Every structure is written in structure tokens, then in C-alpha cells.
Amino acid sequence: NVPNYTPEGRKKSVSEFVINCPWTAMKMNARFVETIRELLARTYRKLRLRLFVAGSLQRQNDFLPFANMIFHALGKENVELVTARAYGDFMKLMEEGDLSIDSYHFGGCNSVADSLFLRKPIVTWEYDKWYGRIGSAMLRMIGLDELIATSEQDYLDKVLRLIHDDAYRDSMTKKLQQVDLDATIFSTKHAPSFQTAIDYLIANHDQLKREKSREPIRIT
């Protein structure tokens, strides 16, 4: 859905280069943290990783252990932890970012759409499961395949280029500004087809279950 937010053109309130990390804490894992640590080691710009951890850390006193681990791994001076906010406040902070990066291996969906809506370039790292391919599919829909990474090295290279090459980052932003998002990622053109597919699966559930086929179901 089109975000219920009107961009304000907010500017940064901090001096660092701000990277939006709208993943929530649940998508952080040791493998991906090592990748982010390598990113910090390879940049010559002072970064602020704005990590939106959302409300998942408000249960069972999870916040402090998580914060201690992240600060230890990435350096407290490099990380800003943003806890649960109203959607409008979340988007205001996202507006201040210089760019966004997607998580791996569990990637984003709404967070990628939010970044694109705000015309913030975002790099995705495509996985081989559906939950790690949604953001990349959106980028393909709007012709920004060059921001889709297929390996850790590719991911780091793409993010670092956006960080260090101001002209390139500006060109990606201009491309985003020219994209018709309503006709692409926010289009409802195929919604009736989705409903048809769901109706078919419900009506034929017992038969499909008996067949136990792994072949794609073609619905016309």
C-alpha cells in the first residue's frame, strides 16, 4: 500500500553520513552483523547506522542485552538504536537518511517500499527464499537492478559506492524521483488475479492435497 505519510523534505540533524537500517531486531544475525562490521572497516566516512529495532525488544527485558551485543560488535559510536515509534515519526527519521540498506537473509518488504517512497536508494542482498527476494523484486520493477546484490562482496561494493560516490548516489536518487511508483510497486492491477488464485486454492484444496504435486499451479 502507498505509505500514509507526506514527505517533509527533512534534512539531517547530525553531521554523520546516515544509513537507514529499518530491519527490526529480529532480522539481525551473527552472519549479517559481520558483514556490517566489514562495511564499517572499509569506509572512510563517519557513519551513523540508524537501526530501527521496533517493538520486538520490549519483551522480557530484551533491549539491554541486544544493545550491549550490537554496541560491542559494531561500536557504540557508529550505531543509533531507534525503538518503537509511531509510523509518522519513523518516516521522519527515515527522511533524514542518506540511503537505506536491506537486511540478509531475511529481507524487507514494507521497509523497502518506505525507502523507495521517500526516494532513498536502497541496496538489497538477494537470498534464495521468498522472504529474501521481495525487496529485489521491487527494485527490478522500477528498473534499479544495479542496486541488487547477489553475494556479500557484491553487497559491500554496492553500499560502499553509494557511500563514497556522491555523484552516483545523486544519480540513483534522481532515477527514483522519476519512477512512477503508483504504476509499479503500488499498483493494484494484479489484485483481482491474486483473489482468483486464492479462491481456486480454497475451492480445490482437498484435490490438490491428494495429488501431492510440486509442479506450479497454472491459473488462467
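The values are calculated or read from the model by the stated rules, or taken from the named source; none is laboratory data. All values derive from a computational prediction rather than experimental measurement. We place every Cβ from the backbone using ideal geometry, glycine too, and count neighbours over all the protein chains shown. Note: areas computed on protein heavy atoms with side chains; ligands, DNA, RNA excluded. Shrake-Rupley method; radii C 1.70, N 1.55, O 1.52, S 1.80 Å.
What the table shows:
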| read-out | value |
| --- | --- |
| Helix-derived mean residue ellipticity, 222 nm - over the chain, DSSP H n ≥ 4, -39500 (n - 2.57), to 500 | -13000 deg cm²/dmol |
| For segment 57-163: relative contact order, % (alpha-carbon pairs under 8 angstrom, 6 or more apart) | 19 percent |
| Entries in K27/K158; K27/K129; K129/K174; K76/K120 that, when Cα-Cα distance is taken, lie over 23 Å | K129/K174; K76/K120 |
| Among D199, D98, D182: highest mean-square fluctuation, GNM of the chain, C-alpha pairs under 10 Å | D199 |
| Protein accessible area in segment 129-220, 1.4 Å probe - carbon and sulfur % | 51 percent |
| Sparse-neighbourhood loop sites, chymotrypsin sites (Phe, Trp or Tyr not before Pro) in segment 19-70 - DSSP loop, at most 15 other Cβ within 10 angstrom | Y44 |
| Gain on full stretching of the segment that runs from D62 to K212 - 0.36 nm per residue minus C-alpha separation | 49.8 nm |
| Normalised contact order of the chain, rounded percent, pairs of Cα under 8 Å and 6 or more residues apart | 20 percent |
| Cα-centred dipole magnitude for the chain, charges only on beta-carbon of K, R (+1) and D, E (-1), debye, nearest 20 | 220 debye |
| Gain on full stretching of the segment that runs from Y200 to S13 - 0.36 nm per residue minus C-alpha separation | 62.1 nm |
| Two-site label geometry, V2 and N29: point separation in nm, points 7 Å out along Cα→Cβ | 3.6 nm |
| Segment 154-166 - phi-based ³J(HN,Hα) in whole Hz, Karplus 6.51/-1.76/1.60, Gly and Pro as x | 4, 4, 4, 4, 5, 5, 5, 5, 5, 5, 8, 9, 4 |
| Rounded accessible area per residue of the chain, 1.4 Å, Å² | 57 Å² |
| In nm, spacing of pseudo-spin labels at A41 and K175 (7 Å Cα→C-beta vector) | 2.9 nm |
| Gaussian network model of the chain, springs between alpha carbon atoms under 10 Å - residue of D206, D170, D102 with greatest fluctuation | D206 |
| Inter-centroid distance (Cα atoms) of segment 109-166 relative to segment 1-74, Å | 16 Å |
